[in-house]
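Enquirer: So that we are looking at the same thing, I have put the structure below in structure tokens.
The values are calculated or read from the model by the stated rules, or taken from the named source; none is laboratory data. These figures come from a predicted structure and were not determined experimentally. Note: ideal-geometry Cβ built from the backbone for every residue, glycine included; neighbour counts use all protein chains shown. Protein only, heavy atoms only, side chains kept; ligands, DNA and RNA dropped before computing areas. Shrake-Rupley method; radii C 1.70, N 1.55, O 1.52, S 1.80 Å.
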Amino acid sequence: MEQNPFGGKYSCLIKDLEPDCEKCSGLCCVALYCAKTDGFPADKGAGTPCQYLSPDFRCGIHADLKDRKMSGCLAYECLGAGQKTTQIDSSGGDWKTDPGRAETIFQTFSVLFQLHQILWYLIEAASLTSDEKTAAAVDALIRENQQMTQLPHGSLLKAGIAGHKSKANNLLKKIIGSISAEDPASRQKADFFGKNFRKTNLDRKDFSMSLLIAADLEGCSLDRTVFLGADLRDANLKNTDLSRSVFLTQMQINSAKGNRNTRLPAGLRRPSAW
Ligand code: SF4
Ligand code: SF4
């Protein structure tokens, strides 16, 4: 397996998947539904600005998020969907200066987030297959994804992403099937809430979409372990080598508990809280 899936042919696409809050209108702090129990300041509906969002779209309590235990705010990553939404059609204003377009802007943010997430997985998928036909299918989907993310807001929403999503899901399942010993078609979403896996060999295990909230994965062997869409909130990743685990995202890592001995796959950053 390639050591850095994000360092090859598609490395030029990675910068678009990094949030740039300076170029954004604070979309995650407005567009999303938030719950206090998930580590946000208060329950709020989608489309309602957070009480701490400043007029300049900065977080008014950014420096205190850790002390205030705002784990939801600290974990969230938009994969670059925020600034892209803000910049496409920026001549039309933002959700605040042009409230008539706010709903379209929020929906676009949601769609672009999903497209960027698919792109993240596809780029990693490209490094996980040596089969030429599968590689060509991944390449075609990456190009389709790129075309869709360049569309203006209205056209993107009209185009819909269901077909693209379905093709990507099927391809990812096929690739996961070639990595894992388990059959992805028959795998059910599994609940491992709080489960103690400490020091277990979980190589090639498929945890796709599993609930691993507060699970203890400390010291596990996780070579080509699949974490696609798994909920890792408060999972213990201390002293654990995830460098060869696959389909992890920054948001999953941000929501888990690790330390300086935790090793991460290429392309992911160590959260400052670790
Ligand atoms: S939506 Fe993304 S870019 Fe915008 S403020 Fe939130 S994290 Fe930053
Ligand atoms: S507390 Fe800050 S980061 Fe969290 S939702 Fe509110 S403005 Fe955004």
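Enquirer: Considering only the range 59-100, how many residues are over 20 Å from the mean Cα position of the chain (by Cα), free of Cβ contacts under 8 Å to residues at least 60 places away in the same chain and closer than 26 Å to Trp120 by Cα?
Expert: Within the range 59-100, residues that are over 20 Å from the mean Cα position of the chain (by Cα), free of Cβ contacts under 8 Å to residues at least 60 places away in the same chain and closer than 26 Å to Trp120 by Cα number 1.
Enquirer: When the residues of the range 63-104 are narrowed to those that are within 14 Å of ligand 1 (Cβ to nearest atom) and over 30 Å from Ala256 (Cα atoms), which ends up modelled with the lowest pLDDT? Write out each step before concluding.
Expert: Residues of the range 63-104 within 14 Å of ligand 1 (Cβ to nearest atom): 65, 70, 72-88, 90, 94-96.
Narrowing further to those that are over 30 Å from Ala256 (Cα atoms): 87-88, 90, 94-96.
Working: Gln87: 87, Ile88: 78, Ser90: 58, Asp94: 89, Trp95: 93, Lys96: 92.
Here the answer is Ser90.
Enquirer: Quick one: would you say Cys34 is touching a strand residue (DSSP E or B) at 6+ places or on another chain (Cβ under 6 Å), at pLDDT 95 or above and of a type outside the set (Lys, Arg)? Break it down into steps so the answer makes sense when it comes.
Expert: On the way: touching a strand residue (DSSP E or B) at 6+ places or on another chain (Cβ under 6 Å): yes; at pLDDT 95 or above: yes; of a type outside the set (Lys, Arg): yes.
Yes, satisfied.
Enquirer: Would you confirm, using the coordinates I've provided, whether Arg233 is closer than 21 Å to Glu124 by Cβ, at pLDDT 95 or above, basic (Lys, Arg) and open to solvent by 30 Å² or more (accessible area, probe 1.4 Å)? Break it down into steps so the answer makes sense when it comes.
Expert: Numbers: closer than 21 Å to Glu124 by Cβ: no; at pLDDT 95 or above: yes; basic (Lys, Arg): yes; open to solvent by 30 Å² or more (accessible area, probe 1.4 Å): yes.
Judged against the criteria, Arg233 is not a match.
Enquirer: Determine, yes or no, whether Glu144 is outside any helix (DSSP H, G or I) and either surrounded by 13 or more Cβ atoms within 10 Å (Cβ to Cβ) or outside the structural domain of Trp274 (by TED's automatic domain parsing) (or both).
Expert: Numbers: outside any helix (DSSP H, G or I): no; either surrounded by 13 or more Cβ atoms within 10 Å (Cβ to Cβ) or outside the structural domain of Trp274 (by TED's automatic domain parsing) (or both): yes.
Here the answer is no, as Glu144 does not meet what is asked.
Enquirer: Without any contact (Cβ under 8 Å) to a residue 60 or more places away in the chain, in the same structural domain as Lys195 (by TED's automatic domain parsing) and surrounded by fewer than 23 Cβ atoms within 10 Å (Cβ to Cβ): is that true of Met251 in this structure?
Expert: Considered against the rule, which asks whether it is without any contact (Cβ under 8 Å) to a residue 60 or more places away in the chain, in the same structural domain as Lys195 (by TED's automatic domain parsing) and surrounded by fewer than 23 Cβ atoms within 10 Å (Cβ to Cβ), Met251 comes out as no.
Enquirer: Still on this structure, I have one more. Look through Phe193, Phe197, Phe207 and report the one residue that is closer than 23 Å to Gly258 by Cα, open to solvent by 60 Å² or more (accessible area, probe 1.4 Å) and aromatic (Phe, Trp, Tyr). Steps first, please.
Expert: Details: Phe197 fails: open to solvent by 60 Å² or more (accessible area, probe 1.4 Å); Phe207 fails: open to solvent by 60 Å² or more (accessible area, probe 1.4 Å).
Selected residue: Phe193, the only one of Phe193, Phe197, Phe207 that is closer than 23 Å to Gly258 by Cα, open to solvent by 60 Å² or more (accessible area, probe 1.4 Å) and aromatic (Phe, Trp, Tyr).
Enquirer: Do we have any residue at all in the range 110-126 that's open to solvent by less than 70 Å² (accessible area, probe 1.4 Å), within 15 Å of ligand 2 (Cβ to nearest atom) and of a type outside the set (D, E, K, R)?
Expert: Keep residues of the range 110-126 that are open to solvent by less than 70 Å² (accessible area, probe 1.4 Å), which gives 110-126.
Okay, now just the ones that are also within 15 Å of ligand 2 (Cβ to nearest atom), so none.
Looking through the range 110-126, none of the residues is open to solvent by less than 70 Å² (accessible area, probe 1.4 Å), within 15 Å of ligand 2 (Cβ to nearest atom) and of a type outside the set (D, E, K, R).
Enquirer: Scan the helices (runs of 4 or more DSSP H) fully inside the range 1-102 and keep the ones with 3 or more residues being surrounded by fewer than 19 Cβ atoms within 10 Å (Cβ to Cβ). Break it down stepwise before answering.
Expert: On the way: elements: 11-14, 28-31, 71-75, 81-87.
Qualifying helices (runs of 4 or more DSSP H): 11-14.
Enquirer: State yes or no: is Asp43 within 13 Å of ligand 2 (Cβ to nearest atom), free of Cβ contacts under 8 Å to residues at least 24 places away in the same chain and closer than 28 Å to Arg269 by Cβ? Spell out how you get there, then give the answer.
Expert: On the way: within 13 Å of ligand 2 (Cβ to nearest atom): yes; free of Cβ contacts under 8 Å to residues at least 24 places away in the same chain: yes; closer than 28 Å to Arg269 by Cβ: no.
Judged against the criteria, Asp43 is not a match.
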